[in-house]
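Comments concern the structure below.
Read-outs: derived from the displayed coordinates by stated rules, not from any lab. Predicted model, so just to flag it, every value in this text is computed and none were measured. Glycine also receives a Cβ, built like all others from the backbone with ideal geometry; neighbour counts cover every protein chain displayed.
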Amino acid sequence: MQRMVMTRILVTGASGFIGRAVVAALAQRGDAFRATVRQPPQPPFPAAIEVVQHPDLAQPIDWRPLLDDIDQVIHLAGIAHIDRGVAPELYDRVNRLATAQLAAAAAGVKHFVFVSSIRAQNGPAADHALTERDPATPTDAYGRSKLAAEAAVRAAGVPFTILRPALLYGPGVKGNFALLARAAASPLPLPVKDFGNRRSLLGIDNFISALAFVLATPATLGETYVVADPGMPPPLWAVLATLRQAAGRRPLILPMSKHYVEIALRLMGRADLWDRLGGSLRVDAGKLMAAGWQPPHDTLAGLAAMVRSLTRPAASPAPDRPPP
């Protein structure tokens, strides 16, 4: 009888929004995980998952002991969102240098998957659907640090795949999508009917399916892929309406000129927020789908399923039956 060989995977940033979902989903395949975290995960991971704490990525880390007996690496750790309070030097130290050190130490692994960002590809808006053929032109320190980290992975000589995901959503998400979720949760009407701009999103389960696909597909080695939900992304007003309708509420989407919002945000010094709110950023994941990736759902179906999973009441325990 042939003995099944278990794949050992190192997941960095395992306690974050993406990391917890990745570990939970891929552990069901029977793989063994070593999960690296800065703080003990809450709630704790299952006992079968090896958890290793490490210092902040701004500090030097000896990655070699963490790579012992590891077959595949999924590198998620880093500063995951654009934060105006983060110095450019810190983005570079955490996102580029720590990645370069990990990739250099991972010379013996079979597959190194680096999760970058669509912001390594482009700024907050684009006038056409982005593909991997577009030149990478990040416009902020976050995007530049991710692009530099990609270059470090390529230079390390490790077998790699680079993923550039669009804005992710799913239960427990933080960052930019959390702003939309809070707006949708408001009881007030939303004057966004005139916001017809389209921004690609990526459901966490679609992301996990893309990750599982590249890990299992040798043809993806040495490739870089943008990743987003399939099809034309819905306009912003439809995203907010879907979030409300899936929760059993009226959409309450009203018309109002976008210019009023733009002027207000620019006067407040938040032109960056306006670019993310009012601009379009479409991402065409056709290259990854041509390689064989089959995403489970489009954006509106994914958003509705996310809301239903969060609002579904817990199953009531079966009533006790009197003894016969």
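Observations
- Cα→Cβ-extended label distance, 7 Å offset, between Arg64 and Ala155, nm: 2.1 nm
- Calculated FRET efficiency, Ala290 to Ala247, Cβ-Cβ distance, R0 = 35 Å: about 0.45 to the nearest 0.05.
- Each Lys and Arg adds +1 at its Cβ and each Asp and Glu adds -1 at its Cβ; summed about the Cα centre, region 128-255 shows a dipole of about 480 debye.
- Length gained on full extension, Asp56 to Met268: 73.0 nm, using 0.36 nm per residue less the C-alpha separation.
- Number of Lys pairs (Cα under 27 Å; 8 or more positions apart or on different chains) in the chain: 7
- Near Asp229, the amide H atoms lying under 5 Å from its own belong to Leu201, Leu202, Gly203; only residues 5 or more places off or on other chains count, and H is placed 1.01 Å from N.
- Largest first, the extents of the alpha carbon coordinates of the chain on the three principal axes equal 74, 62, 38 Å.
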